[in-house]
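*Asks:* Sharing a structure, written as structure tokens. Questions coming.
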Ligand SMILES: *Cc1c(COP(=O)(O)O)cnc(C)c1O
């Protein structure tokens, strides 16, 4: 018997017929006929292209394909995941998780009008940064503060406001690339400044800066080496000495701290990172740092320092283009208020809570989870509890790591198939309803449990792990 002829474009249903299919009526009701028609048109066009390319198409499955297409379009694209990568402040995974206080503050102002730029007592126009400026000054000892969209914006705005068409002196050891296309020489050019490179990659001295200032620099910028460390035969000029040089030349010293902590991390048993307060105390006129790195808040860029300079920055029309919205301001305000009590900060601020979690606590969690996972993966992968090292991430303390514990999954596959088996295993965890993101290292798939706080939520979805293709 001859095979039935494969379908041709002429066999495809019309878009109208497809939209009339009973299976699509619930979609028409929920989302409206025009939207379903558009989705049907896309599926029919896709089918036609495939038929013309000589591929087979099940013409009777098109209605269900339209339904699946609509469901995919309607599902949110930005979703929560489990960050088990071992990097606490993971830029690609949205950096700092927010405390409940911040979420409540955001929700309160999201659905109602708010006094964003309105002084309630005076009944007149106010200033949006006033909602956080007082707290930023209180916590850093600064005279004034200003906030923008992120720290890259803070650096750009600072440079453009204070050194447009002027020379800016930076040590060659600090001409950083932070990642995500933040390269200091490029930012400098876009800000309209002329970069003056000072010293050498490994050693820069005060006299190098003194020589650069004689050529007429308008600003000194010191950049914290967030994501690397220069080791060996090195010398850098500290903020205190730079401030002296800058002030004698009648110019300002700005320090981009990147992460910049508001508290001394040593007090929580963490490696030290320069605090904003001590950098100002050392003589910096302005300090810039991120809201969503060690501070543990929402994405924001913060500039603190001398009020006369902050005023000049605030007057720059670019400030309007880089300003924060009411929701971010609400979250930032709530997070800053948590810093009032440093004693309780390590419990209440998720970033600090995760960074200070003890290895023992994480290991106990791993031991509790291991049996369920081992059973789930029996015959597919061996599951062990392993020691590992977490990273702080986002360029904070690049060299320091924190001892942690992981579930280490080793596929049973033969050695030469190990690589693809590991990739499939990682993909199966990413396909869970709340995707689980781990990391592959030395032939094992590691789930570093430092950032797993929702143990029940993690357990509850494990049964849905699709092991068919493993
Ligand atoms: C992270 C970082 C930046 C960029 O900050 P974002 O908030 O990501 O824009 C700039 N400078 C330094 C030194 C950094 O570490």
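The values are calculated or read from the model by the stated rules, or taken from the named source; none is laboratory data. Quick caveat: nothing in here was measured; it's all calculated off a predicted structure. Note: ideal-geometry Cβ built from the backbone for every residue, glycine included; neighbour counts use all protein chains shown.
*Asks:* Could you please let me know if residue 107 is closer than 18 Å to residue 326 by Cα, more than 16 Å from the ligand (Cβ to nearest atom) and outside any strand (DSSP E or B)? Give the steps one after another, and end with the answer.
*Replies:* On the way: closer than 18 Å to residue 326 by Cα: yes; more than 16 Å from the ligand (Cβ to nearest atom): yes; outside any strand (DSSP E or B): yes.
Criteria met by residue 107.
*Asks:* Within region 235-283, count every residue that is within 24 Å of residue 352 (Cβ to Cβ) and under 28 Å from the mean Cα position of the chain (by Cα).
*Replies:* 26
*Asks:* May I pose another question? If I go through region 2-47 residue by residue, how many of them are surrounded by 15 or more Cβ atoms within 10 Å (Cβ to Cβ), assigned to a helix (DSSP H, G or I) and touching a helix residue (DSSP H, G or I) at 6+ places or on another chain (Cβ under 6 Å)?
*Replies:* Total satisfying the criteria: 12.
*Asks:* Let me ask something additional. Just need a number here: residues in region 281-304 that are more than 16 Å from the ligand (Cβ to nearest atom) and in contact with a strand residue (DSSP E or B) (Cβ under 6 Å, 6 or more places away or on another chain). Spell out how you get there, then give the answer.
*Replies:* Let us first name the residues in region 281-304 that are more than 16 Å from the ligand (Cβ to nearest atom), namely 281-283, 285.
Narrowing further to those that are in contact with a strand residue (DSSP E or B) (Cβ under 6 Å, 6 or more places away or on another chain): 285.
Qualifying residue count, region 281-304: 1.
*Asks:* So, one more: If I ask for residues that are under 30 Å from residue 334 (Cβ atoms) and more than 9 Å from the ligand (Cβ to nearest atom), which ones from region 161-190 would you list?
*Replies:* Once the filter is applied, which keeps residues that are under 30 Å from residue 334 (Cβ atoms) and more than 9 Å from the ligand (Cβ to nearest atom), region 161-190 yields only 161.
*Asks:* Here's a follow-up. Filter region 305-337 down to the residues that are touching a strand residue (DSSP E or B) at 6+ places or on another chain (Cβ under 8 Å) and within 18 Å of residue 252 (Cα to Cα) and list them by number.
*Replies:* Step one: of region 305-337, the residues touching a strand residue (DSSP E or B) at 6+ places or on another chain (Cβ under 8 Å) are 305-307, 309-311, 313-314, 319, 322-324, 329, 332.
Within region 305-337, 305, 306, 307, 309, 310, 311, 313, 314 qualify.
*Asks:* Those residues that are more than 12 Å from the ligand (Cβ to nearest atom) and touching a helix residue (DSSP H, G or I) at 6+ places or on another chain (Cβ under 9 Å), I need them from region 241-260; list them, please.
*Replies:* Taking region 241-260 first, the residues more than 12 Å from the ligand (Cβ to nearest atom) are 241-253.
The answer is 241, 242, 244, 245, 246, 248, 249, 251, 252, 253.
*Asks:* Under 9 Å between Cβ atoms, which residue pairs at least 6 apart in sequence (or on different chains) link something in region 50-74 that is part of a helix (DSSP H, G or I) with a partner that is modelled with pLDDT under 95 and exposed (fewer than 10 other Cβ atoms within 10 Å of the Cβ)?
*Replies:* Short answer, once both residue conditions are applied: 50/56.
*Asks:* If you don't mind, another one. Any chance region 142-149 includes a residue that's farther than 21 Å from residue 308 by Cβ and within 16 Å of the ligand (Cβ to nearest atom)? Spell out how you get there, then give the answer.
*Replies:* To start, the set of residues in region 142-149 that are farther than 21 Å from residue 308 by Cβ comprises 149.
From the residues that got through so far, the ones that are within 16 Å of the ligand (Cβ to nearest atom) too are 149.
Yes, that holds for at least one residue.
*Asks:* Additional query: Exactly one of (1) outside any helix (DSSP H, G or I); (2) away from the ligand (no atom under 16 Å from the Cβ) is unmet by residue 310. Its number?
*Replies:* Of the numbered conditions (1) outside any helix (DSSP H, G or I); (2) away from the ligand (no atom under 16 Å from the Cβ), the odd one out for residue 310 is (1).
*Asks:* Looking only at region 213-223, which residues are within 14 Å of the ligand (Cβ to nearest atom) and either over 26 Å from residue 394 (Cβ atoms) or buried (at least 22 other Cβ atoms within 10 Å of the Cβ) (or both)? Full working, then the answer.
*Replies:* Taking region 213-223 first, the residues within 14 Å of the ligand (Cβ to nearest atom) are 221-223.
Of everything in region 213-223, those that are within 14 Å of the ligand (Cβ to nearest atom) and either over 26 Å from residue 394 (Cβ atoms) or buried (at least 22 other Cβ atoms within 10 Å of the Cβ) (or both) turn out to be 221, 222.
*Asks:* Let me ask something else about it. Inspect region 361-384 for any residue being within 29 Å of the chain's Cα centre (by Cα), assigned to a strand (DSSP E or B) and surrounded by fewer than 23 Cβ atoms within 10 Å (Cβ to Cβ) and give the result as yes or no.
*Replies:* Checking region 361-384: not a single residue is within 29 Å of the chain's Cα centre (by Cα), assigned to a strand (DSSP E or B) and surrounded by fewer than 23 Cβ atoms within 10 Å (Cβ to Cβ).
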